[in-house]
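First the structure, in the form of structure tokens, and then the observations on it.
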Amino acid sequence: MKTLRSAIELEQLRVRILSQRKLEKPCISICGGTGCHAYGCEDVAKAFENEIERQGLSKQVELKVTGCHGFCEHGSLAVVYPEKIFYQRVTPNDAPEIISETVLKGNIIDRLLYVEPTSGQKAHFENDVPFYKKQQRLIFGNNGLIDPTNIKDYLTIGGYSALSKVLFEIQPEQVVEEIRKSGLRGRGGGGFPTAAKWESCRNAPSLDGVRYIICNADEGDPGAYMDRSLLEGNPHSVIEGMIIGGYAIGSHYGYVYVRHEYPLAVKNLSIALEQAREYGLLGKDILGSGFDFDIRTSRGGGAFVCGESTALMASLEGKIGEPRPKHVHTVICGLNGKPTNLNNVETWANVPVIINGGADWYSQIGTDGSKGTKIFSLVGKINNTGLIEVPMGITLREIIYDIGGGIPNGKRFKAVQTGGPSGGCIPESLIDLPVDFDRLTEAGSMMGSGGMIVMDEDTCMVDVARYFVRFLTEESCGKCVPCREGLDRMLDILTGIAEGRGKEEDIDLLEELGGVIKETSLCALGGTAPNPVLSTIRYFRDEYEAHIREKRCPAGVCKALITFTIDEEKCTGCGVCARECPQGAISGEKKKPYKIEQEKCIKCGLCSDSCKFEAITVS
């Protein structure tokens, strides 16, 4: 490969690659994201490769293993282009039939189609699947089109054209202004205006002129994997965004701080960085423009607090990953004491899209205060789990029912927790709330990095609050007293309520304690940590009162407050519950009602789960 020395050479290469590819040529796109790896996508891809070779179709049919397609609930996924026929639950045994019937004859394989649960309708094409219909996949959509380990694939979809444009046509300060006009806000949690941060870093004094660009890929929220999937599936988009940011700010040094637990993301990113250097798109004198910029990767150790900017930079410096006071912001004094600009993976991936499409176009998407799209990981008690990209301002109802397919088993939607462990729980009464930075904050939650956990009627909100506070207590670095001691005390109170030791004054104490922690903690971890508690008290106070006053868990979750009993009228005496009970707490005679010895019962729920006649009740 000859190193590219100009914008003209880049475009000539792009044209040459496109001329060598036949767009009408059948292509099978296999989802190769981490989620589909759990479904055996590697074996599926190998089966397709073997079948293509066996039938002598290597020149006629292309096989592409891509990044995550998003619909993780239904992997392994395979899309047959150019028609975009969508198959789900694909196994290695399906490869010969897909090649012979769909690729060669154009026939649809009915049993591999997605079936909409409520209507029973089958979707033949990817765009017909309800999960995808209301999405607007500006950033995430290319994941299913390219091999992340092949830079030529990225070039065919216009990759690095935005970089070429800014290097030769736009001045650095004009790039900052374009980002400002777009309205882009940071996707990592705080939603700070991206251009304002860039401008502050650009204008910050630096005696030796050194400034740093950092990509925060230390994604630690339970159930969140947006950044991982972007790095796995389209690493060049992040690299291109960082180079453009470096040019705009006047930085020549970049870092990607990525979780140690993301091996596939690290692998694909490392390959992409090496390819970009080989092509002259990264390193010295990029495209002959005279601009130098390079990127290194650093793997975090899995500490949740290292998602915080100052803790992350301390970790990069080889120090303990704990925050410091921000009376001087990191854009002025950050990594190694130099001006440093930190944005997360999704924010950087938005930059090339804005440059290519224009700020005016981008700013038309979303709401007045929240422009563009947002990627969420939709998980929990919902039919369609996976990654979704939606325009800002879409309602929770549209996300949960139109895209997510509603709640499994006909259960009632109860709440959704947004923004990761420090986010709040939004109740069913606010299901028509538009999703953007400001409206979520007003509701007592936040956008965060994009985690969205759906809960049904069987969820205990006191238990939810206790779960997240326990997580945050364990992840707190312990540097400041309000976070270290306050969260620990809050966890004690919640545990007491869940175990039947709650007192009337506990709710008021939790609210007061939460306010103090929010106001006095050193960093954003402590500043947002009380959100799960405060929001559940705000919207589900009656559940706290039931736990405290009635010593009862309405959802039947808190073991100390529930009792399993057998309804004699419904019990057929089949004995299944007795066989399942690990404690031998259930006894009786065949064809006569059984009984539970409460002294022996450990409230594991296996009896209730195994009873086909719904004879076992929880009270």
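Per q in 0.19, 0.21 Å⁻¹, report the Debye log10 I(q)/I(0) for region 461-549, using one uniform scatterer on each alpha carbon and no solvent.
-0.75, -0.90
Taking the Cα atoms of region 151-362, what is the range of coordinates along each of the three principal axes, in descending order and whole Å?
41, 38, 32
Using a 7 Å offset from the Cα along the Cα-to-Cβ direction at both Asn356 and Asp488, what is the distance between the two label points in nm, to one decimal?
Roughly 5.1 nm, to one decimal.
So how do Phe48, Phe192 line up by other beta-carbon neighbours within 10 Å, fewest first?
On the way: Phe48 24, Phe192 14.
Taking fewest neighbouring Cβ atoms as first place, the list is Phe192, Phe48.
Once amide H atoms are placed 1.01 Å from N in the peptide plane, what residues at a sequence separation of 5 or more from Cys425, or on another chain, have their amide H within under 5 Å of its amide H?
Excluding prolines and chain starts, which carry no amide H, the hits are Ser535, Thr536.
How big is the Cα convex hull of region 24-133 in projection, averaged over all directions, in nm²? Working shown, then result.
Working: hull surface 25.4 nm².
Across all orientations, region 24-133 yields a mean hull projection of 6.3 nm².
Determine one quarter of the surface area of the Cα convex hull of region 393-515, which equals its mean projected area, and express it in nm² to one decimal. Mind dumping the intermediate values first?
On the way: hull surface 34.3 nm².
Mean shadow area of the hull around the Cα atoms is 8.6 nm².
In square nanometres, what is one fourth of the surface area of the convex hull spanned by the alpha carbons of region 306-396? Can you show the working numbers first?
Details: hull surface 35.4 nm².
Convex hull of Cα atoms, orientation-averaged projection: 8.8 nm².
Nearest 20 debye, what's the magnitude of the dipole of region 182-229 about its Cα centre given +1 on Lys and Arg Cβ and -1 on Asp and Glu Cβ? Intermediate values should be presented prior to the final figure.
Values: 6 positive and 6 negative charges, 42 e Å.
In debye, rounded to 20, region 182-229 gives about 200.
Taking the Kirkwood radius as the inverse of the mean 1/r across Cα pairs, report the Rg/Rh of region 373-456.
Values: Rg = 11.2 Å, Rh = 12.2 Å.
With Rh from the inverse mean 1/r over Cα pairs, Rg/Rh is 0.91.
I need the GluC sites (Glu not before Pro) found in region 1-107, filtered to DSSP loop residues with at most 10 other beta carbons within 10 Å of theirs.
Numbers: sites: Glu9, Glu11, Glu24, Glu42, Glu49, Glu51, Glu53, Glu62, Glu73, Glu83, Glu97, Glu101; in loops: Glu24, Glu83.
Taking region 1-107 and a limit of 10 other Cβ atoms within 10 Å, the loop GluC sites (Glu not before Pro) found are Glu24.
Please find the FRET efficiency linking Glu519 to Lys551, where r is the Cβ-Cβ separation and R0 is fixed at 35 Å, and quote it to the nearest 0.05.
My answer for the efficiency is 0.60.
How much length, in nm to one decimal, is gained on full extension between Ser289 and Lys181, taken as 0.36 nm per residue of separation minus their Cα-Cα distance?
36.3 nm
Looking at the calculated P(r) for region 65-191, what percent of the C-alpha pair distances fall above 17 Å?
On the way: 5522 of 8001 pairs.
Considering region 65-191, 69 percent of its Cα-Cα pairs are separated by more than 17 Å.
In debye to the nearest 20, how big a dipole does the chain give about its Cα centre with +1 on each Lys and Arg Cβ and -1 on each Asp and Glu Cβ? Each step should come with its number before you reach the end.
Details: 70 positive and 82 negative charges, 165 e Å.
For the chain, the charge dipole is close to 800 debye.
Taking the number of other C-beta atoms within 10 Å as the exposure measure, put His37, His327, His236, His69 in order starting with the fewest. Could you put the intermediate results ahead of the total?
Details: His37 16, His327 6, His236 28, His69 34.
Starting with the residue having the fewest Cβ neighbours, the order is His327, His37, His236, His69.
Compute the long axis of helix 194-203 from its Cα atoms, compare it with the longest principal axis of the Cα atoms of the chain, and write down the angle in degrees, 0 to 90, nearest 10.
50 degrees
Collect residues whose amide H, placed 1.01 Å from N in the peptide plane, falls under 5 Å from the amide H of Gly300; neighbours closer than 5 in sequence don't count.
The answer is Val258, Arg259, His260.
Give me the percent relative contact order of the chain, please, defined on Cα pairs under 8 angstrom at least 6 residues apart. Let's see the in-between values first.
Values: 1279 pairs, mean separation 70.7, N = 619.
Over the chain, the number comes to 11 percent.
Would you calculate, for the chain, the mean residue ellipticity at 222 nm contributed by helices, counting each DSSP H stretch of 4 or more residues as -39,500 (n - 2.57) and dividing by all residues, to the nearest 500? List each step's numbers first, then the result.
Working: 22 runs with 224 residues, N = 619.
Calculated from helices alone, the mean residue ellipticity at 222 nm is -10500 deg cm²/dmol.
For region 408-447, what is the largest minus smallest coordinate of the Cα atoms on each principal axis, given in angstrom and ordered from greatest to least?
Answer, in whole Å and largest first: 32, 22, 12 Å.
Going out from 0 in 10 Å bins, what whole percent of all Cα-Cα distances in region 221-303 drops into each bin?
The calculated distribution, bin by bin, is 18, 49, 26, 7, 0.
Cα extents of region 450-494 along the three principal axes, largest first, in whole Å?
37, 27, 12
How far apart, in nm, are two points set 7 Å out from the Cα along the Cα-to-Cβ line at Ala560 and at Glu589?
4.0 nm
For helix 263-278, what angle does its Cα long axis make with the longest principal axis of the chain, in degrees from 0 to 90 and rounded to 10?
Value to nearest ten degrees: 10.
Can you list the residues of region 231-258 with backbone N under 16 Å from a point 7 Å past the Cα of Asp208, pointing along Cα to Cβ?
251-254
No value in this document is a laboratory result; all are computed from the given coordinates. A quick note: this is a predicted structure, and the numbers were derived from the prediction, not measured. Cβ: placed from backbone, ideal geometry, glycine included. Neighbour counts: every protein chain shown.
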